[in-house]
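This report concerns only the one structure given below.
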Amino acid sequence: MAGRNNYFKLEMLLLCILYNNDCYGYEISKLLSEGTNNLINIKEGVLYPILYKLLENKHISSYEKQVGRKIRVYYHIEPSGEEKMFEMIKEYRKLTVGIDNLISIQVADNV
């Protein structure tokens, strides 16, 4: 039976985006799309549950900021979120090496 996608997690990508700058939801979505050359586009219905889970686990925090007439909720990575991000990146890189190894062994001449 197929399990969850363990190759990469969107949580890892969101934490990577927040690593250098605090961002609001739409900005996160836009940076994710731009940073992946439009390969990953995330809808609000997927983005916000991930952000809420990261908030619940205290990997990120949030604060409100008034911009013009709007109040935006900005998200900020916490030290535990940085630890989680680096852990996920290490796992992602290990999996990438393993997958590349399998491809080179099995079908390298045809790729």
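The values are calculated or read from the model by the stated rules, or taken from the named source; none is laboratory data. Since the structure is predicted, the reported quantities are computational estimates derived from the model, not experimental observations. So basically every Cβ, Gly included, is an ideal-geometry build from the backbone, and we count neighbours across all protein chains shown. What goes into the accessible areas is simple: the full protein's heavy atoms, side chains included, and nothing from ligands, DNA or RNA. Shrake-Rupley method; radii C 1.70, N 1.55, O 1.52, S 1.80 Å.
Numbers below:
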quantity: In Å², nearest 10: area of K90 left accessible to a 1.4 Å probe; calculated: 140 Å²
quantity: Alpha carbon convex hull of the chain, volume per residue in cubic angstrom; calculated: 138 Å³
quantity: Solvent-accessible area of L102 with every protein chain in place, 1.4 Å probe, in Å² to the nearest 10; calculated: 100 Å²
quantity: Accessible-area order (highest first, 1.4 angstrom probe) of the listed residues E64, E87; calculated: E64, E87
quantity: Greater than 19 Å apart at Cα, pairs in K9/K70; K58/K84; K30/K84; calculated: K9/K70; K30/K84
quantity: Over the chain: helical MRE at 222 nm, DSSP H runs n ≥ 4 each giving -39500 (n - 2.57), nearest 500; calculated: -19000 deg cm²/dmol
quantity: Segment 1-102 - charge dipole about Cα centre, Lys and Arg +1 at Cβ, Asp and Glu -1, debye rounded to 20; calculated: 240 debye
